[in-house]
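The values are calculated or read from the model by the stated rules, or taken from the named source; none is laboratory data. Fair warning: this is a prediction, and the values are worked out from it, not measured in the lab. Cβ atoms come from the backbone with ideal geometry, glycine included; neighbour counts cover every protein chain shown. Remember, those area values only see protein heavy atoms, side chains included, never the ligands or the DNA or RNA. Shrake-Rupley method; radii C 1.70, N 1.55, O 1.52, S 1.80 Å.
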Amino acid sequence: VQLVESGGGLVQAGGSLRISCAASGSTFSINAMGWYRQAPGKQRELVASITGGGGSANYADSVKGRFTISRDNAKMTMYLQMNSLNPEDTAVYYCNRGRYQSGTYYPYDIWGQGTQVTVSS
């Protein structure tokens, strides 16, 4: 299984960006998936997660209402649409495969290489 993120870049505050995560492997639609981010000097944090079928998603409070996670299982790709970006969103964004248990997302140890998102003020 491999995960490859793309679509990061430099954007001005208030702008939008969509990042993607392309996966390989035959079990893509079975697993829940998540987007994490890690800013310099900070711990990696879960930003959003989505069920295998894509019917349910959860978001960190800091991005709720601004970010939308989605997936296209036919294309084996997951997306994160980010709107109203602010400098605090600057980080390396990683995608991950995982599972839900009792409503909580737990990551497997399968990560992409990350994509840099930089928001200028």
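Being open to solvent by 60 Å² or more (accessible area, probe 1.4 Å) and touching a Lys or Arg at 6+ places or on another chain (Cβ under 7 Å) is true for just one of Ser26, Ser84, Ser62. Which residue is that? So that I can check it myself, show each step before the final result.
Numbers: Ser26 fails: touching a Lys or Arg at 6+ places or on another chain (Cβ under 7 Å); Ser62 fails: touching a Lys or Arg at 6+ places or on another chain (Cβ under 7 Å).
Result of the check over Ser26, Ser84, Ser62: Ser84.
Pick out, from the range 23-69, the strands (runs of 3 or more DSSP E) lying fully within it that include 1 or more residues that are on the phi > 0 side of the Ramachandran plot and more than 14 Å from the chain's Cα centre (by Cα). Give the steps one after another, and end with the answer.
Numbers: elements: 32-38, 45-50, 57-59.
In the range 23-69, no matching strands (runs of 3 or more DSSP E) lie anywhere.
Kindly indicate which of Gln101, Gln116 is more than 11 Å from Gly34 (Cα to Cα), in contact with a Gly (Cβ under 6 Å, 6 or more places away or on another chain) and open to solvent by 60 Å² or more (accessible area, probe 1.4 Å). Full working, then the answer.
Numbers: Gln101 fails: in contact with a Gly (Cβ under 6 Å, 6 or more places away or on another chain).
Within the list Gln101, Gln116, the selection yields Gln116.
Read through the list (1) open to solvent by 50 Å² or more (accessible area, probe 1.4 Å); (2) within 19 Å of Gly7 (Cβ to Cβ), then give the number of the only condition that Ser70 fails.
Every condition holds for Ser70 apart from (1).
Among the residues of the range 5-17, is there at least one that is touching an Asp or Glu at 6+ places or on another chain (Cβ under 7 Å), at negative phi and at pLDDT 95 or above?
Going through the range 5-17, the residues touching an Asp or Glu at 6+ places or on another chain (Cβ under 7 Å) turn out to be none.
Within the range 5-17, not a single residue is touching an Asp or Glu at 6+ places or on another chain (Cβ under 7 Å), at negative phi and at pLDDT 95 or above.
For the list (1) surrounded by fewer than 22 Cβ atoms within 10 Å (Cβ to Cβ); (2) touching a Gly at 6+ places or on another chain (Cβ under 8 Å), I need the number of the one condition that Ala39 fails.
(2)
Yes or no: Tyr79 over 17 Å from Thr115 (Cα atoms), crowded, with 17+ Cβ neighbours inside 10 Å, under 11 Å from the mean Cα position of the chain (by Cα) and at pLDDT 95 or above?
On the way: over 17 Å from Thr115 (Cα atoms): no; crowded, with 17+ Cβ neighbours inside 10 Å: yes; under 11 Å from the mean Cα position of the chain (by Cα): yes; at pLDDT 95 or above: yes.
Considered against the rule, which asks whether it is over 17 Å from Thr115 (Cα atoms), crowded, with 17+ Cβ neighbours inside 10 Å, under 11 Å from the mean Cα position of the chain (by Cα) and at pLDDT 95 or above, Tyr79 comes out as no.
List every residue pair whose Cβ atoms lie under 6 Å apart, where the two residues are 6 or more positions apart in sequence or sit on different chains, the first residue falls within the range 1-12 and is free of Cβ contacts under 8 Å to residues at least 24 places away in the same chain, and the second residue, located anywhere, is of a type in the set (Lys, Arg).
none
Cβ-Cβ below 7 Å, separation at least six or inter-chain, first residue in the range 32-59 and within 20 Å of Asn73 (Cα to Cα) and touching a residue at least 60 places away in the same chain (Cβ under 8 Å), second part of a loop (DSSP other than H, G, I, E, B) and open to solvent by 60 Å² or more (accessible area, probe 1.4 Å): which pairs?
Matching pairs, first to second residue: Tyr36/Arg44.
List pairs: first in the range 104-120 and in a strand (DSSP E or B), second surrounded by fewer than 15 Cβ atoms within 10 Å (Cβ to Cβ) and modelled with pLDDT under 95, Cβ under 6 Å, 6+ apart or cross-chain?
Ile110/Val1
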